[in-house]
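Below is one structure; the comments refer to it alone.
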Amino acid sequence: MDSELFERDRHVTFLQMMYQLLPSPYQSQEINRLTLAYFVISGLDLLNSLDRLVDKDAIATWVLSLQAHPRSTAELNNGQFYGFHGSRAAQFPPENNDNGALNPSVSNLASTYCALALLKIVGYNLSSIDSESILTSMRNLQQPDGSFMPIHTGAETDLRFVFCAVAICHMLGNWSGMDKEKAKEYILKCQSYDGGFGLVPGSESHGGATYCGVTSLCLMGFIEDEILSKNAPSSIIDVPLLLDWCVQRQAADGGFQGRPNKPSDTCYAFWIASVLKILGGHKFIDKKALHGFLLTCQSKYGGFSKFPGQLPDLYHSYYGLTAFSLLEEPGLNSLCVELGITAIAAMGI
């Protein structure tokens, strides 16, 4: 869209439409409906339009209905994770197993993070939920090396799910669901020779992984906010090298790339800029150039696309909005970069 202005009203209309009815291309994402709802509701909150467009009580009721519950306290240590399902379809029981019993359906860490974030956004008191089941069973997902599986039946383990576990504990105000020291050691092993973080130890540095690693360390209290301004004598991570890697991710077109030699992508304006904000290095961002790049990804229909000239999608629309919040666009609520929700929601106001 050829516009020199942030089209706030168009973005509100775009998200309002998504709130009412998702287009057919999202059918394949039914299993992730909770995550899609997070993008819509948190986006409206950033746009300061939540109260007049959304039934907060109805959202809270729907989210709470997606939590998995054990039949007894004895089941909390049966290996299953009792978090939140990604959608109603994820709650459907599978076919009977060989002995005639129904296998339990699967909840996962990512959906649980989104569920708790949504509840905070709509003002629900998290002390009212069954947090014991979440935290006790979440310990079953942490691996000996400190990483986390997203589901109890087994899957890849990497920094994405470490972040989800950390954010869950932080939002619930209870760290009994994980071994923080083991998680810290795993994260530190993921910092690469170039300063960024890979998803797993020894892998290529990546913008999303770097966000997950740095933010997790910050939420757990292992590194300070704006560490660059504190004149700290040392840190458990290589801050100068990390700062250099992040600054180099802003490309000539003003956008941020997730890895070297990749094109700029709307979402990395959040992932990378958030790390710079946490470090206290956001002053090194060329804000005018970034603003210009984001506007080339702004759709005439509202929302944002991944690359300039493409159609908008919910994922990039949300992270486009978070990026404009970081740029302090007038009319947008400020962002808590560590949790990916507005600062007001994060504080529980």
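The values are calculated or read from the model by the stated rules, or taken from the named source; none is laboratory data. These figures come from a predicted structure and were not determined experimentally. Cβ: placed from backbone, ideal geometry, glycine included. Neighbour counts: every protein chain shown. Note: areas computed on protein heavy atoms with side chains; ligands, DNA, RNA excluded. Shrake-Rupley method; radii C 1.70, N 1.55, O 1.52, S 1.80 Å.
Per-structure values
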item: Per-residue HN-Hα couplings for segment 45-51 [Karplus 6.51, -1.76, 1.60; θ = phi - 60°; Hz; x = Gly/Pro]; result: 5, 4, 7, 6, 10, 5, 4
item: Dipole of the chain, positive end: most advanced residue of MET220, SER128, ASN140 [Cβ charges, Cα centre]; result: SER128
item: Extension gain (nm, one decimal) between SER28 and GLU204, 0.36 nm per residue minus Cα-Cα; result: 60.4 nm
item: Estimated distance in nm for a label pair at GLN310 and LYS189, the labels positioned 7 Å out from Cα along Cα-to-Cβ; result: 3.4 nm
item: Gained length - TYR301 relative to GLU226, 0.36 nm times residue gap less alpha-carbon distance; result: 23.3 nm
item: In sequence order, calculated HN-Hα J values of segment 9-15 (Karplus, 6.51, -1.76, 1.60; Hz; x Gly/Pro); result: 5, 5, 5, 4, 4, 4, 6
item: Sulfur and carbon atoms: percent of accessible area, the chain [1.4 Å]; result: 51 percent
item: Peptides ranked, highest mean first, by Cβ atoms within 10 Å: ranges 134-143, 155-164, 38-47, 257-266; result: 38-47, 155-164, 134-143, 257-266
item: Cβ-placed point charges (K, R +1; D, E -1), dipole of the chain about Cα centre in debye, nearest 20; result: 200 debye
item: Cα lying deepest toward the dipole's positive end in segment 225-320, options CYS267, TYR301, PRO312, charges on Cβ; result: TYR301
item: Nonlocal Lys pairs with alpha-carbon distance under 23 Å, the chain (8 or more apart, or different chains); result: 19
item: Computed Rg/Rh of segment 220-288, alpha carbon atoms with Kirkwood Rh; result: 0.99
item: Separation of the VAL247 and LEU64 label points, Cα + 7 Å toward Cβ, nm; result: 4.9 nm
item: For segment 276-293, Karplus couplings with θ = phi - 60° (6.51, -1.76, 1.60), whole Hz, Gly/Pro x; result: 4, 5, 4, 6, x, x, 5, 5, 7, 6, 7, 5, 5, 5, 5, 4, x, 4
item: Among 144-153, 235-244, the order from most to least packed when residues are scored by Cβ within 10 Å on average; result: 144-153, 235-244
